[in-house]
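*Asks:* Encoded as C-alpha cells, here's the structure I'll be asking about.
What follows is calculated from the coordinates using simple rules that are stated; it is not laboratory data. This one's a predicted model, so the numbers in the text were calculated from it and none came from an experiment.
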Amino acid sequence: MPVPQSAPGEAPASYDVVVVGAGFAGMYMLHKLRGLGMTARVYEQGSGVGGTWYWNRYPGAACDIESYIYLPLLEETGYLPSEKYARGE
C-alpha cells in the first residue's frame, strides 16, 4: 500500500508498522523493518531510547543475563560485547 505523500520534513500520514517501545528489541525491529523497505514509527514513553537502560542509569548498572544471549542480534549490528555481563554506561 503506498504511503500518502507528506511535505518535506514531515512524518508520513500513515505507517506500515507501529513499534511500541524504544528498547533494544524495538530499535532492532525498526532497523529490520526499514531494511525491508517498510515505513515504521517507534513510540516510547521515555524521552529517549534505551528501554531498561534508559530507566536504570546508575553507577554499576549491568545486564542481568550473560551478553552471549544477545549475540545473534548484536552480530548483525556490528557490536560484540567485551564483558560477560554488558554494562549500562
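*Asks:* Which cross-chain or sequence-distant (5 or more) residues have an amide H under 5 Å from the amide H of A62, H modelled 1.01 Å from N in plane?
*Replies:* G88
*Asks:* For the chain, calculate the relative contact order in percent as a whole number, restricting contacts to Cα pairs under 8 Å that are 6 or more residues apart.
*Replies:* For the chain, the relative contact order is 22 percent.
*Asks:* At q = 0.23, 0.26 Å⁻¹, what log₁₀ I(q)/I(0) does the chain have when each alpha carbon counts as one equal point scatterer in the Debye sum?
*Replies:* The computed values of log10 I(q)/I(0) come out as -1.20, -1.35.
*Asks:* Shifting gears a bit: Quickly estimate the mean residue ellipticity at 222 nm for the chain, helices only: each DSSP H run with n ≥ 4 gives -39500 (n - 2.57), and the total goes over all residues, rounded to 500.
*Replies:* Value at 222 nm, helices only, nearest 500: -7000 deg cm²/dmol.
*Asks:* Once amide H atoms are built 1.01 Å from N in the peptide plane, which residues 5 or more positions from V19, or in another chain, come under 5 Å H to H?
*Replies:* Hits under the 5 Å cutoff: R41, V42, Y43.
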